[in-house]
Amino acid sequence: MEITTFLLFLNILNSMGYSLIDPLFPILGRESGLSDALIGWVISAYSFANILITPFIPYLSQKFTRLRLLYFSTFSVASCTILYAFLYYISSFYSLIIWAFLIRIIHGFSSGIVFTLVYSLTISLSNKDSTQKNLGYLELGLCFGISCGPLIASIFYKIGGYPLPFYVSGIFLYLSVYLTNKMGKEKINSKDNDNENKESPPFFKFLYSSEILIILGSFYIVLISGTFYLPCLSNYLIHKYNFSVSLSSLFFIIPTIFYIIILQLLDVISKRLGLYLTSSIGLFITSLGCFLLAPIIEIFNLLVYDII
């Protein structure tokens, strides 16, 4: 089996661990007395950790090699997924907050490294003609993994409550450790060995480019608008419409389905409209989506109520 196929499976598994907590932790947090704001900070700690570790990944790769760093990071991701289950047994309010933040930050560091190295190794190990195709497969794998997380949460929460989805996923995620170890035994071509020894340009050097700053800003706006509802969506559906936890978990899959659909049309749209206009339209539609999630009629009713 090609190493790029191993990397595809790593991307699926890593993204599955990323999306699993979104529908489940808000329920545990609410039962333990955590506010929606605090639950949101715990969930977002993952992304903050991703941002913090990213500039240092080239240095860590040179120090430990990419495969060794990938091995330890996949092990950490699987272990953190299982540790989420143990939050259920913590009765102390402050202990729950401390451990939740700690596990979430470690998970964010490790998962960020895995995502970055998977894409980096895929580019290094792909032929020029197959690079774009392999990166496309990674994107599809990412979507599939993100969809699997809520699906696993939905099925196993109904069977065994909060801890079971994390136990099942964590054990399954140790498969990524096996795949990484198997990759290390495969013969990596000289192209990757050469790239391993090259000094990577400093991350902060790119921040001096206004164009890159605009692109990064747009990217972060999309991330924020796409994840701000995660801390409260499950609670909202459960308390407002009496949905079960299993059913509310399935709503986290909907954005991924449409992500896959638009991904198939993206080349055609961008060729007709251009990259910047396509991005602008995407940002505009994303901003509208933020209003519709509430839904907007409830915001309107609240405003009218306050005025009256």
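The values are calculated or read from the model by the stated rules, or taken from the named source; none is laboratory data. All values derive from a computational prediction rather than experimental measurement. Here the Cβ is made from the backbone with ideal geometry for all residues, glycine too, and neighbour counts use every protein chain on show.
Values for this structure:
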quantity	calculated
Test: residue in segment 76-84 that is of a type in the set (Gly, Ala, Ser) and farther than 21 Å from PHE6 by Cβ	no
Extreme residue, nearest to the chain's Cα centre (by Cα), among residues of segment 64-82 that are hydrophobic (A, V, I, L, M, F, W, C) and crowded, with 18+ Cβ neighbours inside 10 Å	VAL77
Unmet requirement for LEU13, which otherwise passes all of (1) in contact with a Leu (Cβ under 7 Å, 6 or more places away or on another chain); (2) part of a loop (DSSP other than H, G, I, E, B); (3) not basic (Lys, Arg)	(2)
Near pairs, Cβ below 6 angstrom, 6+ apart or cross-chain, from segment 143-162 (closer than 17 Å to ALA78 by Cα) to any residue that is among the β-branched types (Val, Ile, Thr)	GLY145/ILE12; ILE146/THR256; PRO150/ILE253
Scope segment 259-293; condition outside any helix (DSSP H, G or I) and without any contact (Cβ under 8 Å) to a residue 40 or more places away in the chain; matching residues	GLY274
Filter result for SER61 (more than 14 Å from the chain's Cα centre (by Cα), of a type in the set (S, T, N, Q) and buried (at least 20 other Cβ atoms within 10 Å of the Cβ))	yes
Close pairs from segment 238-257: first surrounded by 16 or more Cβ atoms within 10 Å (Cβ to Cβ), partner outside any helix (DSSP H, G or I) and at pLDDT 75 or above, Cβ under 6 Å, at least 6 apart	SER249/PRO23; PHE252/ASP22; PHE252/PRO23
Subset of segment 72-95 (residues that are of a type in the set (A, V, I, L, M, F, W, C) and either under 22 Å from ILE171 (Cα atoms) or at pLDDT 95 or above (or both))	PHE72, PHE75, VAL77, ALA78, CYS80, ILE82, LEU83, ALA85, PHE86, LEU87, ILE90
Residue that is surrounded by the most Cβ atoms within 10 Å (Cβ to Cβ) [pool: residues in segment 115-166 that are over 22 Å from LEU28 (Cβ atoms), within 16 Å of the chain's Cα centre (by Cα) and of a type in the set (A, V, I, L, M, F, W, C)]	VAL118
Which listed residue is assigned to a helix (DSSP H, G or I), more than 14 Å from the chain's Cα centre (by Cα) and surrounded by 19 or more Cβ atoms within 10 Å (Cβ to Cβ), from ALA85, ALA45, ALA37, ALA49	ALA85
Boolean, GLY108 is under 18 Å from GLY40 (Cα atoms) and out of contact with any strand residue (DSSP E or B) (no Cβ under 9 Å at 6 or more places or on another chain)	yes
So PHE284, is it modelled with pLDDT of 70 or more, aromatic (Phe, Trp, Tyr), surrounded by 12 or more Cβ atoms within 10 Å (Cβ to Cβ) and farther than 23 Å from LEU135 by Cα	no
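Matching residues to (1) over 30 Å from GLU31 (Cα atoms); (2) touching a strand residue (DSSP E or B) at 6+ places or on another chain (Cβ under 9 Å); (3) modelled with pLDDT of 70 or more; (4) not in a helix (DSSP H, G or I):
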position: VAL177; (1), (2), (3), (4): yes, no, yes, no
position: ASN195; (1), (2), (3), (4): yes, no, no, no
position: ILE221; (1), (2), (3), (4): yes, no, yes, no
position: ASN235; (1), (2), (3), (4): no, no, yes, no
